[in-house]
Amino acid sequence: MTLFVEEGETLGEFAAEHGAVAHSRSESRDDPLSVLDEEDRIFANEDLLRIDHVPDQNKIVGRNNQIETVARRLKPTISGGTGKGTLLLGKSGSGKTLVTRYVSREVVGRGEENDVRIGRAVIDCAQRRSEVQTVIHLAKRLNEPDETGVTIPHSGIATGAYYDRLWKVIDALYDAIIVVLDEIDRLAPPDDVQNVPPEEADDSKLLMQLSRAGEENDVDASITVIGISNDLKYGDRLDTRVESSFSPDEIVFPAYDANQLGDILTRRRDAYREDVLTDDVIPLCSAFSAQEHGDARRAIDLFRLAGEVARDNDAARVREEHVRVANDDAEVTRIQDLIRGCPTQAKIAIGALATMDEFSERSAFKATEMYRVYRAFAEAIDTNVLGKKRITDQLREYETLKIIDMKRTSDGYREGTYLQLSLLDDSALILQTIGLDERCARIPIDSRMRRRIGKIIES
């Protein structure tokens, strides 16, 4: 898709013109702090729409079978025993984490009734990205330093020493432990990394230690591990030794359909004040989210964002147009979350690929073409230019996040093979997101730069 771009435009200006900056009030207040004293005319209880909110079972839709299965796996911990290792598999927003949080919370409560001390820790492996960081976070989450006398430093001791401190914490405080490893596949090496033996992968080493702690007499308390992954084939990739000790059951969570998403939002309607929502808000939120493989997390977030848009514009009711504005904003937020922490150099390279896609008729490009545009962008904002191999290696992480597709292909015997890159997300949304970065905002995408890109693609 080719868009008309004003002379002198930069990525930052592109982002602003296409709505990437958050929605804002059309008029400023004389007293901007007056909002602190006003009653919220839109929301009655906005907390019901927080992503980390765990509702009662009557607000959990279409997951009774999964709730029952997870409950059976965790039931032994109520009496201090070891539950069954389990992998919950399914696309993002299919209820895996919600069901696990809900059931494990109930199990902890039943344990208290039996005078059984059950510890529970939900660890986001996507934020840890290594075995040692995950163990540190797990130990900190379970520890009560005043009771145990155990300290967990951020760094400076060996991985084995962190495990030793974790075992001391567990035995001092608990009879049973439930460890939930959300997005555990993010600890595994990328598919294209060939030099890491399966038993040396961070996820394998972590699962091995946790599942064998009792057998090795490291800890007296029971440990039950639940892994959560968006990758339906994650269990097939486990090392055979891990599979033997962890021996997980797999529970697949299907995607929600539009009707189920509508039911989920209807059951959280009491987050809003009475008669604030027009009749088309929930169906439209459901329809947008159903297009994204039935993502309930996205549906709830969109439902909340629509209310924020209405509130920030002093509207009396939440209407269709507020949902549409919120949807555009949510798409940019989603991509921002995916590339959160992305190095500036990788952002420039992703921006280069998105610019080529946005302002040409092609959708797939050679890595050499992308690199030449990346180099032009980096030089334009006076930043260091990395070598082609380093940039390609950085982009491989974003292949696993489903932003970029990278594959070897050929134009025939004489041409040989080459690495082909293409986007898996909308190029305009990616450009908006990259344009919000302070340094990347200065990248020029004016007519002069676009002519230069055109010559690179055609050469």
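The values are calculated or read from the model by the stated rules, or taken from the named source; none is laboratory data. Every value quoted in this text rests on a predicted model; they were computed, and no experiment measured them. Please note: Cβ atoms are built from the backbone with ideal geometry, for glycine as well, and neighbour counts cover all protein chains shown.
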Can you name the helices (runs of 4 or more DSSP H) wholly within region 129-221 that have at least 3 residues being in contact with a strand residue (DSSP E or B) (Cβ under 7 Å, 6 or more places away or on another chain) and crowded, with 17+ Cβ neighbours inside 10 Å?
-> 131-142, 202-212
List, please: which pairs have Cβ atoms under 7 Å, are six or more places apart or on different chains, and start with a residue in region 395-406 that is closer than 15 Å to Asp426 by Cβ and end with one that is at pLDDT 75 or above and of a type in the set (Asp, Glu)?
-> Ile403/Asp425; Asp405/Glu399
Inter-residue pairs, beta-carbon under 8 Å, first over 21 Å from Leu74 (Cβ atoms) and in contact (Cβ under 8 Å) with a residue 60 or more places away in the chain and in region 215-240, second part of a loop (DSSP other than H, G, I, E, B) and of a type outside the set (Phe, Trp, Tyr), 6+ apart = Asn230/Gly90; Asn230/Lys91; Asn230/Ser92; Asn230/Glu183; Leu232/Gly90
Starting from residues that are of a type in the set (Gly, Ala, Ser) and in a loop (DSSP other than H, G, I, E, B), keep the ones in region 27-51 and report whichever is nearest to Thr100 (Cα to Cα).
-> Ala44
In region 200-240, which residues are over 30 Å from Pro254 (Cβ atoms) and not small (Gly, Ala, Ser)?
-> Glu200, Lys205, Met208, Gln209, Arg212, Glu215, Glu216, Asn217, Asp218, Val219, Asp220
Residue selected from region 389-402 under the condition aliphatic (A, V, I, L, M) and either loosely packed, with under 12 Cβ neighbours inside 10 Å or modelled with pLDDT of 85 or more (or both), by the criterion nearest to the chain's Cα centre (by Cα) | Leu395
Might you let me know whether region 348-362 holds any residue that is surrounded by fewer than 17 Cβ atoms within 10 Å (Cβ to Cβ), part of a helix (DSSP H, G or I) and either assigned by TED's automatic domain parsing to the domain that holds Leu419 or without any contact (Cβ under 8 Å) to a residue 40 or more places away in the chain (or both)?
-> no
Taking region 52-83 as the region of interest, how many residues are closer than 19 Å to Asn114 by Cβ and part of a loop (DSSP other than H, G, I, E, B)?
-> 4
Only one of Arg451, Arg390, Arg442 is within 22 Å of Ile335 (Cβ to Cβ) and basic (Lys, Arg), namely Arg442
Taking the residues in region 444-455 that are part of a helix (DSSP H, G or I) and either without any contact (Cβ under 8 Å) to a residue 40 or more places away in the chain or touching a strand residue (DSSP E or B) at 6+ places or on another chain (Cβ under 9 Å) (or both) as candidates, determine which candidate is nearest to Phe365 (Cα to Cα).
-> Lys455
